[in-house]
Amino acid sequence: MKNNLLPLYFTNFFGVFNDNLLKGLICLIGVYWVAEENASVVIMLATGFLVLPFILFSPYAGFLSKTLNKQKFVVYLKIGENFIMLLAAFGFWSENLYIVMLAMFLMGLQSTFFSPMKFALIKDIGGIEKSSIGTGTIEMTTFLGVLLGTFLAGILTDIEELRILWITVCLFSVSFSGLFSALLIRAVEPKPLTIKIKPMNFVKYIIRKHKWSKYNVPGLNTVVFGLSMFWLIASLIQLNLFVHCPITMGLSGTQTGLILALVAISIGLGSFLSGVAAKKRVETGLIPIGGIGFVLSIFLIYILNPGTVVFTILIAIAAFMAGFMKTPLNAWMQVHVKGRKLGDAIAYNNLINFIFILVSAGIFGIAESNYGSHKVFLIVGILAVFMILYLFFKIYDIKESLKRILKF
């Protein structure tokens, strides 16, 4: 079984799938358990409870990945996921928002502990030679899980007969599949470390990593801020679509799921083509080019307030251009952070990303409840302008890269 990474890939896929299926169901069904003016609060809380464990417990999750048998612990996590799905199913049957939110938090906690385990297991299963392709495939299965989980939530929302039964079947089918694939994981792990628990205060962790980045990799904090702003804006758009599509535009759950899936695909396509356009260089000049296209598309949505077809085209263009901005920032980090320091930089970046996603939930809840989903697009555009200008003046080689691209 050595070198067989498929069980790990499937375990990751089913976990991400269930995270986003549950979140999507809460955002598309749970909103109708409360007054319409409180719909944005439900969506805000669903995102907040999924993300909060990553912020609070990521340092501790990293500690556990060094001190436990990872293969066994992943199986325990997947057993726990089945009990969480039992709780979630009961919440949907009883239409109890508190129960489904608790299930969402527990799924976030389970995913937090699984995250460092899955990346560490790649080398234990496939060896060093499989590290790159293994990491890339894990990222791909994560993307597919987000995409398909959100899409299935939209389809289940539109079922009229026996809807809750179908939801229960889907939740358990995915969680049992994740457990089955976890049981097939075979890894040759190094002996777990015996180390004392160190302080796991994420605030101190961030301060320490910020200082380290400032003195060891100048410019890294700027790139981390740029990537975090990207995720804040992307999250804000996703949350707003959960309200704008079904409530403001009157679209069905399936139609809403399709638009959300199209946004995810467009971001992925933009990221890929941005890498192709840069070839072997880190072309930070692609950031303002993508940023201008993104801002124009979002402001056109706000100004025109278009119908379904034009709205779908514009939001897809905006997502594509957002992906165009993201790749140069990721590439900058890969090139400028050397050796094993890259792992610390990625962990630091991920934690800040999750904080910004949590902030996006708060911004959405306040903005949508007070001004409506249409005005949220204006806020997205303003935040994007700020981000682009900040990066334009802070990344030292962005002007030279832009000149090089425009000459080409």
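Being among the aliphatic types (A, V, I, L, M), part of a helix (DSSP H, G or I) and at pLDDT 85 or above is a description that applies to residue 317.
Just one residue in the set 76, 98 is hydroxyl-bearing (Ser, Thr, Tyr), farther than 27 Å from residue 181 by Cβ, in a helix (DSSP H, G or I) and modelled with pLDDT of 90 or more; that residue is 98. Does the stretch 287-300 contain any residue that is at pLDDT below 95, assigned by TED's automatic domain parsing to the domain that holds residue 206, buried (at least 20 other Cβ atoms within 10 Å of the Cβ) and among the polar types (S, T, N, Q)? No, there is no match, as no residue in the stretch 287-300 is at pLDDT below 95, assigned by TED's automatic domain parsing to the domain that holds residue 206, buried (at least 20 other Cβ atoms within 10 Å of the Cβ) and among the polar types (S, T, N, Q).
For beta carbons closer than 8 Å, sequence separation of 6+ or different chains, a first residue in the stretch 229-248 that is assigned by TED's automatic domain parsing to the domain that holds residue 322 and surrounded by fewer than 23 Cβ atoms within 10 Å (Cβ to Cβ) and a second that is of a type in the set (Asp, Glu) and in a helix (DSSP H, G or I), the qualifying pairs are 247/36. Residues in the stretch 77-112 that are hydroxyl-bearing (Ser, Thr, Tyr) and surrounded by 15 or more Cβ atoms within 10 Å (Cβ to Cβ) were compared, and the one that is nearest to residue 19 (Cα to Cα) is 111. Within the stretch 261-283, the residues that satisfy the criterion of being touching a residue at least 12 places away in the same chain (Cβ under 8 Å) and either within 13 Å of residue 317 (Cα to Cα) or among the β-branched types (Val, Ile, Thr) (or both) are 262, 263, 264, 265, 266, 267, 268, 269, 270, 271, 282. Against the list (1) surrounded by 18 or more Cβ atoms within 10 Å (Cβ to Cβ); (2) under 24 Å from the mean Cα position of the chain (by Cα); (3) within 18 Å of residue 387 (Cα to Cα), the condition residue 312 fails is (3).
Here the condition is being in contact (Cβ under 8 Å) with a residue 60 or more places away in the chain and over 15 Å from residue 233 (Cα atoms); of 253, 291, it holds for 253 alone. For the criterion of being surrounded by 19 or more Cβ atoms within 10 Å (Cβ to Cβ) and over 23 Å from residue 209 (Cβ atoms), residue 321 passes. Screening 247, 164, 155, 207 for residues that are in contact with a Phe, Trp or Tyr (Cβ under 8 Å, 6 or more places away or on another chain) and either in a helix (DSSP H, G or I) or under 30 Å from residue 90 (Cα atoms) (or both) leaves exactly one candidate, 164.
Kindly evaluate residue 373 against the criterion of being crowded, with 20+ Cβ neighbours inside 10 Å, farther than 25 Å from residue 225 by Cβ and in contact (Cβ under 8 Å) with a residue 12 or more places away in the chain. Yes.
If you check residue 77 against the conditions, is it out of contact with any Cys (no Cβ under 9 Å at 6 or more places or on another chain) and under 26 Å from residue 205 (Cβ atoms)? Considered against the rule, which asks whether it is out of contact with any Cys (no Cβ under 9 Å at 6 or more places or on another chain) and under 26 Å from residue 205 (Cβ atoms), residue 77 comes out as yes. Tell me yes or no: at least one residue of the stretch 41-53 is under 13 Å from the mean Cα position of the chain (by Cα) and more than 19 Å from residue 260 (Cβ to Cβ). So far as the stretch 41-53 goes, yes, one or more of its residues are under 13 Å from the mean Cα position of the chain (by Cα) and more than 19 Å from residue 260 (Cβ to Cβ).
Screening 50, 68 for residues that are closer than 26 Å to residue 240 by Cα and touching a helix residue (DSSP H, G or I) at 6+ places or on another chain (Cβ under 9 Å) leaves exactly one candidate, 50. When the stretch 271-286 is filtered for residues that are surrounded by 19 or more Cβ atoms within 10 Å (Cβ to Cβ), of a type outside the set (Ser, Thr, Tyr) and not in a loop (DSSP other than H, G, I, E, B), only 286 remains. Residues in the stretch 49-63 include at least one that is part of a helix (DSSP H, G or I), touching a Pro at 6+ places or on another chain (Cβ under 7 Å) and within 28 Å of residue 124 (Cα to Cα).
The values are calculated or read from the model by the stated rules, or taken from the named source; none is laboratory data. It should be emphasised that the depicted structure is a prediction, and the values quoted were computed from it without experimental measurement. Counting neighbours? That spans all protein chains shown, and the Cβs are built from the backbone with ideal geometry, glycine included.
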